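Each remark here refers to the structure printed beneath this line.
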Amino acid sequence: MKKRFTEEQIIGFLKQVEGGVAVKDLCRKHGFSDAAFYTWRRKFGGMSVPDARRLRELEAENAKLKKLLAESLLDTEALKVALGRKR
């Protein structure tokens, strides 16, 4: 599914609700569901824009490290199978 809103926009929506705008009105105006809003609030609540950018960078780095670890474990297992295990 294509991501429609950036983290900066989402944080702006959260700040509008903190400022007194009703959730239903905000959702209707910008075209997203209440469920999406509450999911965003759980993920981005209390964050500022630089915090959200840092979170995105950390998630990308974490995904890269997980991929490297999986490849390393796969290589290790392949070497063990190819060379035969000593008992």
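Computed from the coordinates by the stated procedures, all read-outs in this text should not be read as laboratory data. Note that the structure is predicted; figures quoted are calculated from it, not measured. Note: ideal-geometry Cβ built from the backbone for every residue, glycine included; neighbour counts use all protein chains shown.
For this structure, a couple of remarks:
- Listed by first and then second residue, the pairs linking a residue in the range 30-44 that is without any contact (Cβ under 8 Å) to a residue 40 or more places away in the chain and surrounded by 13 or more Cβ atoms within 10 Å (Cβ to Cβ) to a residue that is part of a loop (DSSP other than H, G, I, E, B) and of a type in the set (D, E, K, R), with Cβ atoms under 9 Å apart and 6 or more places separating them unless they lie on different chains, are PHE32/ARG4.
- Of the residues examined, PHE5 is not one that is free of Cβ contacts under 8 Å to residues at least 40 places away in the same chain, in contact with a Leu (Cβ under 9 Å, 6 or more places away or on another chain) and of a type in the set (Phe, Trp, Tyr).
- The residues of the range 64-87 that are among the charged types (D, E, K, R) and assigned to a helix (DSSP H, G or I), listed by number, are LYS64, LYS66, LYS67, GLU71, ASP75, GLU77, LYS80.
- Enumeration of residues in the range 16-63 that are of a type in the set (D, E, K, R) and either outside any helix (DSSP H, G or I) or under 15 Å from PHE5 (Cα atoms) (or both): ARG28, LYS29, ASP34, ARG41, LYS43, ARG53, ARG56
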